[in-house]
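Undergrad: Right, I'll just put the structure down here and ask away after.
The values are calculated or read from the model by the stated rules, or taken from the named source; none is laboratory data. Source: prediction; values computed, not measured. Neighbour counts are summed over all protein chains in view; Cβ atoms, including those assigned to glycine, are modelled from backbone coordinates with ideal geometry. Accessible surface is based on the protein model in full, side chains and every heavy atom, while ligands, DNA and RNA are left aside. Shrake-Rupley method; radii C 1.70, N 1.55, O 1.52, S 1.80 Å.
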Amino acid sequence: MKKKVLVLGCTGSIGSQTLDIIRNEKDLFEVAGLSVGHNQKALESLCAEFNCKGTNWSTEGFPGLEKLLDECKADIAVNGVAGSQGLLSSVAVLERGMNLALANKESVVMAWPLIKKLADKKRCSIVPVDSEHSAIFSLVNHYGSRRISEIIITASGGPFRNYTKAQLESVTVEDALKHPTWNMGKKITIDSASLANKGLEVIEACRLFDVGTKQVKVLVHPQSVVHSIVRTNDGMLYAQMSDPDMRHPIYSSLVWPENKTNYLEPFDLAGHELSFFAPRMDDFPMLKLAYQCAEKEGSYTIAFNAANEIAVDAFINKKIGFTDIPKIVEATLSYDWKKEPWTVEEVLEADKDSHEKARKLLDGRTF
């Protein structure tokens with residue numbers, strides 16, 4: 001019996017690659033429904049191709065998504081929507097008892113206790129789609145969480161991994177958008193360059209796998225072949241390796257808990273040289289700030305994420321320099337974020353407050 005897949009953010013990177021998998025695995029999957037942020041023409045074309053219903057956030061809003069979820073009766077939803085819309089999408093999916101293949105960082109960084117509680121209540125599975133967390137998820141499930149003493153997340157290091165601190169002061173937006181390995185959107189590419197993205201992944205790992213920051217390490221691995229590593233209690237390291245292709249973790253999330261053969265090219269280790277380095281946290285302070293936030297309760301991770309969004313947008317629009325990004329984030333985090341949000345509404349309120357404070361710091365250049 002085919003698995004019915006709902007694809008949220010169907011024209012983005014995650015959504016497009018999910019649809020590529022479904023096109024190539026028609027015996028396993030069918031599209032139950034689609035959502036887009038704006039592109040109505042693309043939505044209509046894809047709905048016609050897959051003979052399904054769709055909704056557009058820009059015209060139908062959240063009620064349109066709720067209606068689609070109620071009508072499509074999917075087995076699993078792939079959430080590739082960015083930002084707070086993705087958080088609302090995750091909540092709506094889980095409320096209806098659907099399993100969730102999750103690529104939306106905000107759902108974990110901003111509201112994991114609420115998301116996890118809802119999933120447990122509805123007896124739903126949440127399977128991470130990020131290549132790093134997909135790898136950890138597979139390794140943890142294979143070896144068992146009690147046997148694992150350490151999680152190691154790999155980072156490509158971005159385009160500036162060999163830059164000195166002085167060189168980072170003068171990098172341009174164009175420089176930052178030249179990622180050496182992955183082809184991604186502007187925001188996540190800048191986050192990769194500043195290591196903010198890896199910081200968010202540290203927070204996610206702590207939440208998803210219920211571990212402390214001391215058990216989560218980051219290694220810079222320029223080749224992006226090893227996606228994550230776990231250390232078992234006996235000190236041994238186990239890694240998941242593949243080509244840097246997001247279709248691998250997406251496919252794994254769609255077939256979980258099974259392990260199936262597929263159309264993707266098998267990885268050949270021959271000819272690859274792999275290297276690993278410790279991250280330079282003093283030169284890339286976004287990673288250090290993320291670790292500090294992950295150790296705290298309250299809304300600190302929400303503030304980290306929101307302030308970074310404001311700072312990255314300002315950098316992309318050439319209002320600030322690259323090294324100003326962590327300065328704005330650190331200044332925003334200096335406010336009191338001890339209040340723990342207990343509802344999605346309180347999460348969104350803290351997110352709004354964080355954005356406003358970061359924006360005021362930016363406008364007043366008080367960072």
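Undergrad: Applying the selection to region 20-56, what residues are in a helix (DSSP H, G or I), more than 23 Å from TYR263 (Cα to Cα) and either touching a helix residue (DSSP H, G or I) at 6+ places or on another chain (Cβ under 6 Å) or not aliphatic (A, V, I, L, M) (or both)?
TA: If the condition is that a residue be in a helix (DSSP H, G or I), more than 23 Å from TYR263 (Cα to Cα) and either touching a helix residue (DSSP H, G or I) at 6+ places or on another chain (Cβ under 6 Å) or not aliphatic (A, V, I, L, M) (or both), then GLN40, LYS41, GLU44, SER45, CYS47 are the ones that fit.
Undergrad: Please go through region 236-267 and pick out each residue that is free of Cβ contacts under 8 Å to residues at least 12 places away in the same chain and not acidic (Asp, Glu).
TA: Matches in region 236-267: MET236, ASN259, THR261, PRO266.
Undergrad: Which one of the conditions (1) at pLDDT 95 or above; (2) over 17 Å from ALA196 (Cβ atoms) does ALA290 fail to meet, given that it meets all the rest?
TA: Failing condition for ALA290: (2).
Undergrad: Continuing with the same structure: Please verify whether region 77-88 includes one or more residues that are among the β-branched types (Val, Ile, Thr) and open to solvent by 20 Å² or more (accessible area, probe 1.4 Å).
TA: No, region 77-88 contains no residue that is among the β-branched types (Val, Ile, Thr) and open to solvent by 20 Å² or more (accessible area, probe 1.4 Å).
Undergrad: Which residues, counting only those in region 316-367, are surrounded by 15 or more Cβ atoms within 10 Å (Cβ to Cβ), in a loop (DSSP other than H, G, I, E, B) and not β-branched (Val, Ile, Thr)?
TA: GLY321, PHE322, TYR335, TRP337, PRO341, PHE367
Undergrad: Among the residues of region 177-210, how many are open to solvent by 20 Å² or more (accessible area, probe 1.4 Å), within 18 Å of SER299 (Cα to Cα) and either touching a strand residue (DSSP E or B) at 6+ places or on another chain (Cβ under 7 Å) or acidic (Asp, Glu) (or both)?
TA: Selection size over region 177-210: 2.
Undergrad: Does ILE126 satisfy the condition of being among the β-branched types (Val, Ile, Thr), closer than 18 Å to PRO257 by Cα and either open to solvent by 10 Å² or more (accessible area, probe 1.4 Å) or in contact with a Ser or Thr (Cβ under 7 Å, 6 or more places away or on another chain) (or both)?
TA: yes
Undergrad: When both residues are 6+ apart or on different chains and their Cβ atoms are under 9 Å apart, which pairs have a first residue that lies in region 308-337 and is farther than 30 Å from GLU297 by Cβ and charged (D, E, K, R), and a second that is in a helix (DSSP H, G or I) and open to solvent by 20 Å² or more (accessible area, probe 1.4 Å)?
TA: Pairs found: LYS319/ASP313.
Undergrad: Could you grab the pairs with beta carbons closer than 6 Å, sequence gap of 6+ or different chains, first residue in region 151-179 and on the phi < 0 side of the Ramachandran plot, second one among the acidic types (Asp, Glu) and assigned to a strand (DSSP E or B)?
TA: Partner pairs satisfying both residue conditions: none exist.
Undergrad: On to the next question. Does any residue in region 117-137 that is closer than 22 Å to ASP245 by Cβ and aliphatic (A, V, I, L, M) come within less than 6 Å, Cβ to Cβ, of a residue that is open to solvent by 30 Å² or more (accessible area, probe 1.4 Å) and part of a loop (DSSP other than H, G, I, E, B) six or more places away or on a different chain, and which pairs are these?
TA: VAL127/TRP256
Undergrad: Which of the residues spanning region 285-315 are open to solvent by 10 Å² or more (accessible area, probe 1.4 Å) and outside any helix (DSSP H, G or I)?
TA: Residues satisfying the conditions are GLU295, LYS296, GLU297, GLY298.
Undergrad: Also, quick follow-up: Take the conditions at pLDDT 95 or above, crowded, with 19+ Cβ neighbours inside 10 Å and of a type outside the set (Ser, Thr, Tyr) and apply them to VAL108. Does it pass?
TA: So VAL108 passes the test.
Undergrad: Let me ask you something else. Would you confirm whether any residue within region 156-167 is in contact with a helix residue (DSSP H, G or I) (Cβ under 8 Å, 6 or more places away or on another chain), of a type in the set (Phe, Trp, Tyr) and open to solvent by 20 Å² or more (accessible area, probe 1.4 Å)?
TA: No, region 156-167 contains no residue that is in contact with a helix residue (DSSP H, G or I) (Cβ under 8 Å, 6 or more places away or on another chain), of a type in the set (Phe, Trp, Tyr) and open to solvent by 20 Å² or more (accessible area, probe 1.4 Å).
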